[in-house]
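Here's the structure, in C-alpha cells; my notes come after.
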Amino acid sequence: MSARIYLPPAADAQIRAHAAETYPYECCGALLGRELDRCREVLAPFPLINRRDDSPRNRFSVTSDDVRAAEKAARAGGCEVIGWYHSHPDHPSRPSEFDRQHAWPWYSYIIVSVAEGTPKEMNSWRLSDDRVQFSLEEIEVKLQASA
Amino acid sequence: MMFRGETLKMSVKVIIPTPLRPYADKRESVQFEAKTVAEALDRLTKQYVELRKHLYTDDGKIRSFVNVYVNDEDIRYLLKENTPTKDGDTISIVPSIAGGSASIAVAQLRNCFRLKCAFNLKRLGSIEGIRWRQSFIL
C-alpha cells in the first residue's frame with residue numbers, strides 16, 4: 001500500500017493561499033501533525049519565511065533556528081513536525097535534484113505548483129531510504145484521518 | 001574528586017532527530033563517552049551505520065543542511081566538529097530545510113529563453129518575425 005497523508009481542507013487552503021501570496025517567490029513552511037498506524041495526518045501548517053533572498057523564485061531555505069521554532073510549536077501542540085511544504089512558481093509540483101540533495105527520508109515534502117499566481121497541483125513526496133529517489137505519497141484532503 | 005588511575009567520564013547525550021530514528025533502533029537519544037563533537041558523531045555512526053549517509057556526504061563531510069548543536073550553541077560558531085564536549089552536554093542534530101524548483105543552470109536557461117522570446121516579440125512585424133513565427137508552425 002502506498003503512503004498516504006491526510007490534509008484537512010483548511011490546511012490545504014492555507015498552504016495554497018501562502019503559495020499565492022508569495023508568488024513569484026517560493027513559499028515554505030512546516031507540517032505539524034502526527035503519525036498514525038498506516039498513514040500520517042497534518043494538523044496544521046506552520047508558515048515560515050523563505051530565508052533565500054538571493055534567488056527566492058527558484059529556491060527556498062528554512063534555517064535550523066526556524067526548524068527548532070517549528071519543532072517547539074509542534075511539541076507545544078502535542079504533535080511533531082512530520083514534513084515541510086514549499087511552492088514551485090511556474091514549475092511542476094515534483095521535486096528537483098536540489099530538493100533531493102537536501103532532503104531526509106521519513107519527512108513528507110509537499111510541493112504546490114503555482115501557475116501565474118494561481119496555485120494548481122499539489123503533491124507530497126517521500127525520499128527513499130537510500131536517498132536515491134522520491135516517491136509519491138497520496139494526499140487525501142479530509143477533515144480528520146479517522147473520519 | 002579524581003583519584004590516580006581513574007579516567008574522567010565524559011558522557012554526552014546525542015538526540016536523534018525523528019526522521020533518523022528508524023536508522024537508530026527507533027531510539028530518541030544515545031549516550032556516549034566523547035571529548036569532542038566529532039568523536040560523539042563518529043561513535044554514533046559506527047553504532048548505527050545506516051545513519052551515516054544521511055549525515056555525511058560520500059567524501060565524509062557533514063551534509064550542508066545538517067546542523068549540530070551542543071546544548072543551545074550551533075557548532076559552526078564554536079570550533080565546528082572539534083568543539084569539545086563536557087560531561088552532561090547534549091548534542092542535537094537539526095536539519096535546515098532547503099530546496100527549489102529547478103537547478104540554477106536550468107533557471108538561467110529559462111531566463112535566456114524568456115529574453116529571447118521578448119526580443120523576438122519586438123520584431124514580430126518584420127519579415128524576419130514572420131519567418132520566426134512560421135518556424136513554430138512547421
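Take peptide A:95-106, look around each residue's Cβ out to 10 angstrom, count Cβ atoms belonging to other protein chains, and average those counts.
6
Mind scanning A:72/A:120; B:26/B:80; A:120/B:53; A:142/B:53 and naming the pairs with a C-alpha gap bigger than 29 Å?
Distance filter (> 29 Å) returns A:72/A:120; A:120/B:53; A:142/B:53.
Calculate one ³J(HN,Hα) per residue across region A:67-74 by plugging θ = phi - 60° into the Karplus curve 6.51 cos²θ - 1.76 cosθ + 1.60, and present them in order as whole Hz with x for glycine and proline.
Here the 3J(HN,Hα) series is 4, 5, 5, 5, 5, 5, 5, 5 Hz.
Compute the helix-to-body angle for A:9-22: its Cα long axis versus the longest principal axis of chain A, expressed 0 to 90° and rounded to tens.
Once rounded, the angle reads 10 degrees.
Keeping every protein chain present and rolling a 1.4 Å probe, give me the accessible area per residue for chain A in Å².
Value returned for chain A: 46 Å² of accessible area per residue.
Specify the inter-centroid distance of region A:78-147 and region B:22-44, based on alpha-carbon positions, in whole Å.
So the two Cα centres are separated by 29 Å.
Quick one: if you stick a label point 7 Å off each Cα along the C-beta vector at residue B:71 and residue B:13, how many nm between them?
According to this spin-label approximation, the distance is 1.4 nm.
Let me know the shape class of chain A, please: from the alpha-carbon gyration tensor, a ≥ b ≥ c as square roots of the eigenvalues, rounded when a/c is under 1.5, otherwise prolate if a/b is greater than b/c, or oblate. Could the numbers behind the result be given before it?
Values: a/c = 1.30, a/b = 1.28, b/c = 1.02.
It comes out rounded by the Cα gyration axes.
Using only the alpha carbons, work out the radius of gyration and Dmax of region A:86-132 in angstrom.
Final numbers for Rg and Dmax: 11.2, 35 Å.
Given a 1.4 angstrom probe, I'd like the percentage of the accessible area of region A:1-47 that is carbon and sulfur, rounded to a whole number.
53
Spin-label point model (7 Å from Cα, Cβ direction): what's the residue A:120 to residue A:73 distance in nm?
Placing both labels 7 Å along Cα→Cβ, they lie 2.9 nm apart.
What is the distance, in nm, between label points placed 7 Å from the Cα along the Cα-to-Cβ direction at residue B:87 and at residue A:36?
4.8
Determine, from the Cβ-Cβ distance of residue A:142 and residue B:28 and an R0 of 25 Å, the FRET efficiency 1/(1 + (r/R0)^6), rounded to the nearest 0.05.
It comes out at approximately 0.25.
In whole Å, what are the Cα extents of region A:1-51 along the three principal axes, biggest one first?
37, 21, 18
The values are calculated or read from the model by the stated rules, or taken from the named source; none is laboratory data. Keep in mind the model is a prediction, meaning the values are calculated, not measured. Neighbour counts are summed over all protein chains in view; Cβ atoms, including those assigned to glycine, are modelled from backbone coordinates with ideal geometry. The area values use the complete protein model at the heavy-atom level, side chains included, leaving out ligands, DNA and RNA. Shrake-Rupley method; radii C 1.70, N 1.55, O 1.52, S 1.80 Å.
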